[in-house]
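J.: For reference, the structure I am asking about is given below.
All of the numbers you see were taken from the coordinates with simple rules; none came from a lab. Computed from a predicted model, the values in this text were never measured in an experiment.
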Amino acid sequence: MSKYQALFGSDPFTIPDARGVGWGYEDIRAFLRDDLVRRVLKGVYVDATVDDDLASRAAALAKVVPSGDVICLRTAGWLWSADVLPIGAHREIPPVDLMAPSGAAGPRRAGCRGRTGPIAAYDLMNVHGVLVTPPARTTADLLRLLRRPDALAAGDAMRRATGVEPAAVAEVLERFRGQRGVVQARELLELSDPRAESPQESRTRLRCVDAGFPCPEPQIEVFGAAGEFLARLDMGFRRSARLSSSTGPNITTRSNGCATISGAAKLSSAWVGQSAWSPLNTSWAAGLSLRGSCPSC
């Protein structure tokens, strides 16, 4: 048992907690540098050996969320284990998103971002002692209130992490008819797909749609002539089999079709020969300018 667990067990601790046992901020910085503790939220830390799961995340939130306030938006998605945090969150931990009922004063606390909104009793779940919007309400809010690329990425991630059904999200959106972001949310809910494995894949699908392509199908498996598995593509169009990348500029084409493959994947000459794919080096921007050349369009 480490000395942190001897003092706090598996519970997270804050800077005031640390000062209470004689540690200063410089001590915490040294613990972080040596990978003895990890930062869960701004000003909240936990022993590095503690699992990063729903219970530990909820316990960390309980250290900073005032009683009665509701965790929402990106922070709720993070609590539900969905990859919904903004780009750069690994460098700077974002504030905790909180919501109070319409007409009440918005939550105000250092390290938190408060808002007000309609909250019904069925929009609340008590998770290990903290109030949070359930997956359907969280997904609806993310689709409504984030920028389109981030909103689709968040919607995909929520469906993948929680299994929330589009019908449940659509039911929540119906209650917000006429309010900000509902039209966007309905469009993106139709495009959302739990098979997307990263935010960048989701953003790439949206770029395809905005450029006039059909929405690509994620995670296409490719098999050889003998039925052997060859590769799994990030996304693509089965009719045209053109490949593009969510992480880089490589676009691969063949005569009878269109789809995408990870920029991190290395296409060997043997793979290309077996699958009949022929590489075409071009930029992603140029790939989007191929509208009209795809048989699916």
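J.: Could you list which residues have their amide H under 5 Å from that of I119, counting only those 5 or more apart in sequence or on another chain, with H placed in the peptide plane?
T.: Here S102 satisfy the definition.
J.: Quick one: check the C-alpha center-to-center distance for the range 162-201 versus the range 27-50, whole angstrom.
T.: 35 Å
J.: Going by amide H atoms built from the backbone, whose H comes under 5 Å of the H on A231, apart from near neighbours?
T.: V222
J.: Here's another thing I want to ask about it. Could you work out the percent of alpha carbon pairs in the range 100-197 separated by over 20 Å, rounded to a whole number?
T.: Tail of the P(r) past 20 Å holds 39 percent of the pairs.
J.: Hey, another quick one. When each pair of different Cα atoms in the range 3-50 is counted once in the 1/r mean, what is the Kirkwood radius in angstroms, to one decimal?
T.: Working: mean 1/r = 0.0961 Å⁻¹.
Here the Kirkwood hydrodynamic radius works out to 10.4 Å.
J.: A follow-up question, please. Can you run phi through the Karplus equation (6.51, -1.76, 1.60; θ = phi - 60°) for the range 154-171 and list ³J(HN,Hα) in whole Hz, with x for Gly and Pro?
T.: Per-residue couplings from phi come out as 5, x, 4, 5, 5, 5, 5, 6, 10, x, 4, 8, x, 4, 5, 5, 4, 5 Hz.
J.: Per residue and in cubic angstrom, what volume does the convex hull of the Cα atoms of the range 183-238 have?
T.: Normalising the Cα hull of the range 183-238 by residue number yields 87 Å³.
J.: Right, another one. From the phi of every residue in the range 66-79, what ³J(HN,Hα) in whole Hz does the Karplus formula 6.51 cos²θ - 1.76 cosθ + 1.60 yield, where θ is phi - 60° and glycine or proline is x?
T.: These are the phi-based 3J(HN,Hα) values: x, 4, x, 7, 10, 6, 9, 6, 4, 5, 5, x, 4, 4 Hz.
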